[in-house]
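See below for the structure under consideration.
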Amino acid sequence: MSKPAFSFEFFPAKTEQGHEKLLSTFDELNKLSPTYFSVTYGAGGSTRSRTLNIVQALCARGDTDIAPHMSCIGDDKSEVAELLELYKGLGIKRLVALRGDLPSGQVGMGELPFALDLVKFIREHSGDHFHIEVAAYPEMHPQARSFEFDVDNLVNKYQAGANASITQFFYNADSYLYLRDTLEKRGIDTAAQPLVAGIMPITNSSNLVRFADSCGADIPRYVRKRLADFGDNSKAIREFGFDVVYRLCERLIAEGVPAMHFYSMNKVEPNKRLVEALGLTA
């Protein structure tokens, strides 16, 4: 059985100290030889300058591909085209194309209101220069009208030129497998256009619950109950969390997952521990 590829996500740090810590984290995780690192992008480009700064710093620091997130809501085509040219100039070959969240107080959706529009525009503007990843939701996007509507949207993004999709984090392997099987039935060859599993390590129960509630990800009841039982015992939470995520990844690997994208939270551990324990680097 071939080992799945793996990659990591960073978010731009808000302080100089955080920026330096992120560079150190990159150095450590880069030793594991991931396929790429992605860098997130705030609502309506609210972290655009910080995203660009960290992308430039990481590009100069190593040869591993860097994949900036691009959100489109509220932007016009000229702004997006300018950013695409900037990334081309930096040697960027990967992008994560997202709708993004409308910033508070902003009412205009812009010329590219949905991720599908952004994928189409990137292809029109840049041809096949970029490898484009889009978002997928095993447990349905919280704003989708139905699961079928959500799948339709993902299929349309693939057909518009997305090379792969990265899922929202999940802890129920069956939700990922069901989405993968549904895509296959809809004519998407997931060997050629992979469904990458988004993996969120568990290190802090309150943060996890907040993230899950905001994005519609399900935390199994037994996980919530156990985390609540641990209270403030951070070591117990980390060990239990490692076991939960390790078992999830083992199941996904057994089921032939092509790749896993770790939401690193800008930390070395437990991402390094998981990747090494799963034998992905051997």
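Observations
- Top-ranked residue in region 160-181 [being in contact with a Leu (Cβ under 9 Å, 6 or more places away or on another chain) and more than 22 Å from Asp213 (Cβ to Cβ); ranked as most open to solvent (accessible area, probe 1.4 Å)]: Arg180
- Subset of region 14-49 (residues that are modelled with pLDDT under 95 and either within 17 Å of the chain's Cα centre (by Cα) or more than 24 Å from Glu269 (Cβ to Cβ) (or both)): Thr40, Tyr41, Gly42, Ala43, Gly44, Gly45, Ser46, Thr47, Arg48, Ser49
- Here Leu58 fits the description: open to solvent by less than 10 Å² (accessible area, probe 1.4 Å) and under 16 Å from Gly91 (Cβ atoms).
Condition check ((1) out of contact with any helix residue (DSSP H, G or I) (no Cβ under 9 Å at 6 or more places or on another chain); (2) open to solvent by 10 Å² or more (accessible area, probe 1.4 Å); (3) acidic (Asp, Glu)) across all residues:
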residue	(1), (2), (3)
Phe211	yes, yes, no
Ile219	no, no, no
Lys225	yes, yes, no
Lys235	yes, yes, no
Phe240	no, yes, no
Asp243	yes, yes, yes
Ile253	yes, yes, no
Ala259	yes, yes, no
Ser264	no, no, no
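- Where Val155 falls short, out of the listed (1) in contact with an Asp or Glu (Cβ under 8 Å, 6 or more places away or on another chain); (2) open to solvent by less than 10 Å² (accessible area, probe 1.4 Å); (3) hydrophobic (A, V, I, L, M, F, W, C); (4) farther than 20 Å from Arg251 by Cβ: (1)
- Any hit, region 124-142, residues being among the aliphatic types (A, V, I, L, M) and over 17 Å from the mean Cα position of the chain (by Cα): no
- Among the residues of region 1-24, those identified as of a type in the set (Ser, Thr, Tyr) and farther than 24 Å from Leu252 by Cβ are Thr15, Ser24.
- Conditions (1) in contact with a Lys or Arg (Cβ under 8 Å, 6 or more places away or on another chain); (2) closer than 29 Å to Ala160 by Cβ: number failed by Thr203: (2)
- Pairs where the first residue, in region 168-184, is at positive phi and the second is open to solvent by less than 70 Å² (accessible area, probe 1.4 Å) and part of a helix (DSSP H, G or I), C-beta under 8 Å, 6+ apart: none
The values are calculated or read from the model by the stated rules, or taken from the named source; none is laboratory data. What you see is a predicted model; the values in this text were computed from it and never measured. Neighbour counts are summed over all protein chains in view; Cβ atoms, including those assigned to glycine, are modelled from backbone coordinates with ideal geometry. Each accessible area value is taken on the protein alone, full model and side chains, heavy atoms only, with ligands, DNA and RNA left out. Shrake-Rupley method; radii C 1.70, N 1.55, O 1.52, S 1.80 Å.
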